[in-house]
Each structure stands twice: as C-alpha cells, then as structure tokens.
1. Looking only at the range 236-246, which residues are surrounded by fewer than 21 Cβ atoms within 10 Å (Cβ to Cβ) and hydrophobic (A, V, I, L, M, F, W, C)?
2. In this structure, is L58 buried (at least 18 other Cβ atoms within 10 Å of the Cβ), touching a strand residue (DSSP E or B) at 6+ places or on another chain (Cβ under 7 Å) and at pLDDT 95 or above?
3. Quick one: is K206 farther than 30 Å from T95 by Cβ, out of contact with any helix residue (DSSP H, G or I) (no Cβ under 6 Å at 6 or more places or on another chain) and surrounded by 15 or more Cβ atoms within 10 Å (Cβ to Cβ)?
4. When you scan the range 32-46, do you find a residue that is surrounded by fewer than 17 Cβ atoms within 10 Å (Cβ to Cβ) and among the hydroxyl-bearing types (S, T, Y), even just one?
5. Select from the range 29-72 the residues that are part of a helix (DSSP H, G or I) and free of Cβ contacts under 8 Å to residues at least 12 places away in the same chain and list them in ascending order.
6. Could you list, ordered by first residue, the pairs with Cβ atoms under 7 Å in which the first is in the range 179-207 and over 14 Å from I230 (Cβ atoms) and the second is of a type in the set (S, T, Y) and modelled with pLDDT of 95 or more, at least 6 apart or interchain?
7. If you scan the range 90-109, which residues turn out to be of a type outside the set (S, T, Y) and in contact with a Lys or Arg (Cβ under 9 Å, 6 or more places away or on another chain)?
8. Restricting the range 219-235 to residues that are in contact (Cβ under 8 Å) with a residue 60 or more places away in the chain and farther than 13 Å from V253 by Cβ, which is surrounded by the fewest Cβ atoms within 10 Å (Cβ to Cβ)?
Amino acid sequence: MGNGIAQVFAASGYDVRLVDAAAPALDRARGTIEKSLAKFVEKGKMKAEERDAAAARLSTGTDLDALADVDYVVEAIIEDAGVKRELFARLDALTRPDVILTSNTSSISITVLGAATKRPDKVLGMHFMNPVPLMALVELIRGQATSPASMAVASDLCTKLGKTALEAADYPGFIANRILMPMINEAIFALMEGVGTAEAIDGVMKLGMNHPMGPLTLADFIGLDVCLAILNVLHDGLGDPKYRPCPLLKRMVAAGHLGRKSGRGFYQYP
C-alpha cells in the first residue's frame, strides 16, 4: 500500500519521501513503482517524460528524521494499534505542529491514534484502496477531535490526486471493511462447511453478483493476516458475534498461508 500511495502522490506532482525501517522493502517498493509507471506509459495513460519526472520526485530512506520538514504525512505500516500509536507519537514530536498526520488504516480507530499526539484535530484516516494507482476511492475518516479544516484539506488533496473522497465516521471497520470483511468471512465459512469449492464460491459472486473478483481471491490479494486483523478489530470493537473470524481463516494464518504474498492462500501462486 505504501508504494502505491507514494506513486500516486509523485505522479500528481508532489515530492515524496518514502520511509521504511527495512532497506530491502524500499528496494522492492521502488521496483514496483517503476514497473507500475512503465505500464501506464505502455498503455498510453502517461508520457515517458511524466514517468521520469514522477520517479525523480520520489526519494527513499530508513531514517524517520527525513520527515522532519514534510508538509503532510500518510502512514501505511502494519495494522497494529499499538505500533501505530507509537509511530504517531514520534511523528507528532518530529513534524511541525501545523502538519496533518493521516493513517491508511483500514479499521483502527483514528480517535485512538489522534490521542497519541498533541494535535488530534490534525489526525484523520486516509484509507486508500488497493491497488492504489488504479482504484478511485479514498475513505476519509474523521476522528472524535478531527477538525473540519483538516478534513477539507484531505478532501481537496484527494481531488488533486485524481481520487474520490467519501467520508466515514470513526467506528470499527469504517464503511468499506464493515461491509466487505463479513462477506469475506462468510465465504470462508462456506468453504470450511463444504457449501462449495473456492472456485464455485468465487464464481457465484463474479458471475451472479457481477463482482470483479470473488471474495476468496480478494482475501488472498488483501492478505489473510490483514483480513484476520480487521475482523478482530470489528469483533472486539463492536462485540457482535457475527464478526467472529472463521476458524479456517485463523488456522490458515497460523500456518503462514497468507495469500498472494506468501504464495499460498485459498489458491496457489507462483
């Protein structure tokens, strides 16, 4: 997600500093961005000189101090509230007081993240959809203390990125995953209970409901560990048993079968 977000900002004319704790991750990110930009040129959606300019606007590094003088922050680290709170506290101490701090979280409370800072009015959710360069939606989440001015800046920025911003309240899962994850979870229950094969379950949703991909394929694409983390947030935050993660999902994550990124999930990947 981080490299996709960085690519969209760079392609829209912004100088971007992409920071990660692991240098190999940054190398992979730059390679992914270069391939993605090349595809846009190949399909005639971007000129070669625009690709080169976008790539030149992107710098990478492992030192968080490189963000000390940035004008806007989008966090896209692991979906763990404690780790995110720690990072937001560091960003709060590092960046100028007027800088808006946003999270690409798909389920974690923005209010909780904002409370880790001295600027909760300038903390909001900016949930991009994956793959970021292709998907039009950005789900904007207003925390309890997020100011209208901060939301307006983020909404205007989405427009400049060529995205459509839709606002969600700060409840577990927001809108997207409040609806999506129970569907994926139910598809996994259906597979576990032998209602249909993975191919049949996905095929019904593709051919019968006109979804571009089936829920099990989508779960593999998202990452089964991420799906489980989001369902746990929904279950813990809302206390409703309908959000209970399927035992098969928990077992697959425990086995390291995480989907595309591990080479094996509901399907096998080369």
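1. Across the range 236-246, the qualifying residue is only L238.
2. Yes; evaluated as a whole, the condition is true for this residue.
3. yes
4. yes
5. Within the range 29-72, G31, K35, K39, V41, E42, A48, E49, D52, A53, A56 qualify.
6. A198/Y267; D202/T217
7. D92, A93, P97, D98, V99, I100, L101, I108
8. F221
The values are calculated or read from the model by the stated rules, or taken from the named source; none is laboratory data. Small disclaimer: the values here were computed from a predicted structure and weren't measured. Using ideal geometry, Cβ is built from the backbone for each residue, glycine included, and neighbour counts are taken over all protein chains shown. Note: accessible area is taken over every heavy atom of the protein model, side chains too, but ligands, DNA and RNA are not part of it. Shrake-Rupley method; radii C 1.70, N 1.55, O 1.52, S 1.80 Å.
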